[in-house]
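Below: one structure, written as structure tokens.
The values are calculated or read from the model by the stated rules, or taken from the named source; none is laboratory data. Source: prediction; values computed, not measured. We work out accessible area using only protein heavy atoms, side chains counted, and drop any ligands, DNA or RNA first. Shrake-Rupley method; radii C 1.70, N 1.55, O 1.52, S 1.80 Å.
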Amino acid sequence: MRYTVVPIIRDEPLTFGAQHLPLDGADGEQWKKAVQSLHPRLLPSLKENALLSEEDSEFCAAGGIFDYERGRELVIDGTELRLSHCAENFFDFLMSPEDCLRVLAERQEQVQAINSTEQQRDRLALLTAWWEQGYRVLMLQHQ
């Protein structure tokens with residue numbers, strides 16, 4: 001399974017940042033599960049094909065809107081691209097950046113255990129930086 005962790009840099013219009021964190025292969029899967037073990041909502045996952053409304057589904061069939069826009073901010077403004085109802089509800093479910101940082105602080109011992117390699121430290125540093133900037137974060141699951 002392939003995942004991409006992305007920050008939401010603006011709520012209106014909903015904008016994903018150009019910077020992203022790919023989680024591919026067994027190592028990415030292991031790191032994802034370790035972070036999620038800290039709190040089930042810390043790094044929630046949404047299937048990429050559930051992101052856009054049906055009217056925009058040609059992107060899902062063509063490899064996914066995120067792959068199409070990789071390296072650029074992705075703006076879902078409700079005119080050119082519209083969120084699905086599922087995605088709208090999902091975004092209401094996201095933890096606040098403050099709550100995410102609080103989980104990390106409260107579970108420092110567990111954080112150290114999942115932060116043992118340079119790649120793991122780099123991943124967690126980026127994730128933490130996004131939360132410190134006030135960004136909510138999610139993980140897109142690619143088909």
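Overview of results
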| item | result |
| --- | --- |
| Fraction of accessible area attributable to carbon and sulfur, the chain (%, probe 1.4 Å) | 48 percent |
| Amide H partners (placed H, <5 Å) of Ser84, local residues excluded | Leu52, Ser53 |
| Residue-normalised accessible area of the chain, expressed per residue, 1.4 Å probe, Å² | 52 Å² |
| Full-extension gain in nm, Gln119 to Ala105, via 0.36 nm per residue minus C-alpha separation | 3.0 nm |
| For segment 64-143, radius of gyration divided by Kirkwood radius, i.e. Rg to Rh on alpha-carbons | 1.03 |
| Karplus-derived 3J(HN,Hα), 6.51/-1.76/1.60, for each residue of segment 131-142, Hz, glycine and proline x | 5, 5, 7, x, 8, 7, 10, 9, 10, 8, 9, 8 |
| Where Tyr135, Tyr3 fall by accessible area, highest first, once all protein chains stay in place (1.4 Å) | Tyr135, Tyr3 |
| Rg over Rh, two decimals, the chain (C-alpha only, Kirkwood Rh) | 0.96 |
